[in-house]
1. Taking the Cα of R261, stepping 7 Å toward and past its beta carbon, and measuring to each backbone N in region 222-253: which are under 18 Å?
2. Taking N as the number of residues in the chain, what is its alpha-carbon radius of gyration divided by 2.2 N^0.38 Å?
3. For the chain, what is the number of Lys pairs with C-alpha distance below 23 angstrom, counting only pairs 8 or more positions apart or on separate chains?
4. Between A326 and R228, how many nm apart are label points set 7 Å from Cα along the C-beta direction?
5. With Cβ to Cβ distances under 14 Å as the rule, what net charge do the other residues near G34 carry (K, R +1; D, E -1)?
6. By count of other Cβ within 10 Å, fewest leading, how are C157, C355 ordered?
7. Shape verdict for region 175-241, please, from the Cα gyration tensor: rounded (a/c under 1.5), prolate (a/b greater than b/c) or oblate.
8. Would you mind calculating the relative contact order of the chain from Cα pairs under 8 angstrom and at least 6 residues apart, reporting the percent as a whole number?
Amino acid sequence: MIDNHPSIARFRAAYPGVEPFAIARAPGRVNLIGEHIDYNEGIVLPIAINLETRVVIGRTDDKRLRVRSAAQPDELNYDADDIPGHAATSWDAYVRGVAALLLWRGIRFNGCALWIESDIPPGAGLSSSAALEVGVALALMAAAGRSLPMRAVADLCREAEHRFAGVPCGIMDQYACALAQEGHALAIDCHDGSVQHVAWPKSNPAILIVETGIERKLAAGAYAARVRECEEALNIICAFDAMVNSWRDVTDEHLSALEPRLGDVLHRRARHVMSEIARADAAIAAMASGDVVKFGKLMNASHDSLRDDYEVSLPVIDRMVENLQAMNGVYGAKLTGAGFGGCVIALMDLHGVQCVQFDFGASPAIGDPQRLRFHHVAPAQCASVVYL
Ligand code: GLA
């Protein structure tokens, strides 16, 4: 029962005398295939996962927006009609970004208190930030008595991430959080914004996420660098052929003809974008026909391309992926999300999930097995609000 969820008791302890009236729940996500192509008008296939962020909300009569989180020592406290618009690198950027963008669209939530808690490990590449954004947006809209289509909520949250947190991300994370359906993967065509809910195969393969515990120190800078490299490569291709408007118009012939002009790095980035779009497309068809073996092979090929052409892997991640790929009952494995640490994902036979073990060999460079965490997840339902 949601109305006696422990988060509600913790809201009451955090804000004595304030009555909560709603709880927003927003899931994390993991991407199965289609990596680093959402910002290149490609095709991606994430699922929402059964790890979530909960935002409990109550009304106050002081015209303040107060926000407390189980994971943070300090309370955020703003004038509810005048949210500061500066960018920041802390959690406050996500909360304030969403609140400010709602206000700028005329959605006034007046005085309210928010209590936030999350099962999604922060910074692990499972979209704790998109879940925070979407959860806060739904809670504040409930306080304002307003609703927006979930797609518009996702777009607003992505804008908050761009303008307030300074991350030039694609739309995958926010769409997965706002639009996914339980028991389905979410195919997103980032060229036209269309989505398709692809039923999970009847054979019910398991999804294992392994948190590597490697801090994604390089991730933010390297992510923005990849976004720029792809823009640069596409500009060169567009200048060569006026008929090309997006990556979806680029052909293998363009890539071969332009290889000298692109140079080695941009040529490999472009090859990843093109090949990953084709793999994601093929993977959606494979999933729709229940062909998990083919799906797994496409995941393996995706990892190779992320490692060699897009260069967002690390030796320790490659070793983990190879270990997983060699295990009985594993259909495929790859890094997932932005890379440079974060998580690895495997699609596997349900019976194999309990037996996963890694052989890191003798090399001390291979990482610390103590820091690994395993999550056996299933395709979950998108974010929603429950009124108490
Ligand atoms: C991060 C971004 C997404 C996407 C992935 C890589 O998770 O937020 O938009 O680009 O990296 O597939």
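No value in this document is a laboratory result; all are computed from the given coordinates. Since we're looking at a predicted model, the values are computed, not measured. Cβ atoms come from the backbone with ideal geometry, glycine included; neighbour counts cover every protein chain shown.
1. 229-253
2. Working: Rg = 21.3 Å, N = 388, 2.2 N^0.38 = 21.2 Å.
Taking the Cα Rg and dividing by 2.2 N^0.38 Å, one obtains 1.01.
3. Numbers: K202/K294; K202/K297; K202/K334; K217/K334; K294/K334; K297/K334.
Step by step, the pairs that qualify in the chain add up to 6.
4. 3.9 nm
5. On the way: positive: R29, R248, R279, K334; negative: E35, D38, E41, D173, D189, E276, D281.
Residues close to G34 contribute a combined charge of -3.
6. Numbers: C157 32, C355 10.
Neighbour counts put them in this order, fewest first: C355, C157.
7. Values: a/c = 2.84, a/b = 1.39, b/c = 2.04.
Taking the square roots of the gyration eigenvalues as a ≥ b ≥ c, region 175-241 is oblate.
8. On the way: 827 pairs, mean separation 93.5, N = 388.
It comes to 24 percent, rounded to a whole number.
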